[in-house]
């Protein structure tokens with residue numbers, strides 16, 4: 001019975017976001033205990049704390065782009081648009097177009113990229129994040145960065161990973177830039 005309920009939940013998610021849920025269905029079918037742990041992980045990944053939607057999705061999108069530029073990224077973009085982030089802002093996050101982002105979102109983009117690259121600049125950005133949103137905001141960004149990388153890794157591990165694709169933002173398509181460190185962008189944007 002519980003598998004049936006989870007299956008219905010997954011189908012509702014699939015229909016809402018037009019997202020391939022086969023890897024989740026396989027986990028549910030194969031190992032209910034593992035699926036329950038996965039659901040607990042999803043609770044962690046959905047944590048938004050006191051962070052505004054723009055900075056939150058900046059961390060989520062840039063983190064997922066680090067490992068994937070396929071369906072997982074499209075899902076994060078769709079969720080950002082659903083959260084009422086403007087398509088122009090979402091596109092600027094994907095393109096790392098720091099000059100066309102509000103300061104708080106640009107800060108999170110730079111911080112996320114620095115964290116993922118293990119760059120020492122992350123320390124300076126962290127202090128600015130703490131000043132804006134405090135420790136709870138930093139934890140929320142930490143959850144966003146770390147958890148959004150798990151989805152592509154799990155999908156690729158289970159054989160459901162997809163190669164890079166163009167990302168749709170309303171009626172337009174863009175090809176995201178993946179896994180590139182900021183190498184000088186931070187200095188140029190400040």
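Before moving on, here are some points about what is shown:
- Of the residues 10, 32, the single one that is surrounded by 14 or more Cβ atoms within 10 Å (Cβ to Cβ) and in contact with a helix residue (DSSP H, G or I) (Cβ under 8 Å, 6 or more places away or on another chain) is 10.
- Residue in region 5-15 that is outside any helix (DSSP H, G or I) and either free of Cβ contacts under 8 Å to residues at least 60 places away in the same chain or at negative phi (or both) present: no
- When region 16-48 is filtered for residues that are free of Cβ contacts under 8 Å to residues at least 40 places away in the same chain, within 30 Å of residue 135 (Cα to Cα) and not in a helix (DSSP H, G or I), only 46 remains.
- Scanning region 76-86 turns up one or more residues that are in contact with a strand residue (DSSP E or B) (Cβ under 8 Å, 6 or more places away or on another chain) and modelled with pLDDT of 95 or more.
- Restricting region 162-176 to residues that are assigned to a loop (DSSP other than H, G, I, E, B) and touching a strand residue (DSSP E or B) at 6+ places or on another chain (Cβ under 7 Å), the residue that is farthest from residue 89 (Cα to Cα) is 166.
- Any chance residue 25 is at pLDDT below 95 and surrounded by fewer than 18 Cβ atoms within 10 Å (Cβ to Cβ): no
Yes or no, residue by residue, for (1) farther than 22 Å from residue 79 by Cβ; (2) in a helix (DSSP H, G or I); (3) in contact with a helix residue (DSSP H, G or I) (Cβ under 8 Å, 6 or more places away or on another chain); (4) assigned by TED's automatic domain parsing to the domain that holds residue 68:
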site: 118; (1), (2), (3), (4): yes, no, no, yes
site: 123; (1), (2), (3), (4): yes, yes, no, yes
site: 138; (1), (2), (3), (4): no, yes, yes, yes
site: 147; (1), (2), (3), (4): no, yes, yes, yes
site: 155; (1), (2), (3), (4): no, yes, yes, yes
site: 160; (1), (2), (3), (4): no, no, yes, yes
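- In this entry, residue 131 passes the filter for residues that are more than 16 Å from residue 57 (Cα to Cα) and modelled with pLDDT of 95 or more.
- Candidates 56, 51, filtered to the one that is part of a loop (DSSP other than H, G, I, E, B), touching a residue at least 12 places away in the same chain (Cβ under 8 Å) and buried (at least 18 other Cβ atoms within 10 Å of the Cβ): 51
The values are calculated or read from the model by the stated rules, or taken from the named source; none is laboratory data. The model shown is predicted, which means the values in this text are computed figures rather than measured ones. Heads up, the Cβs are rebuilt from the backbone with ideal geometry, glycines too, and the neighbour counts pull from every protein chain shown.
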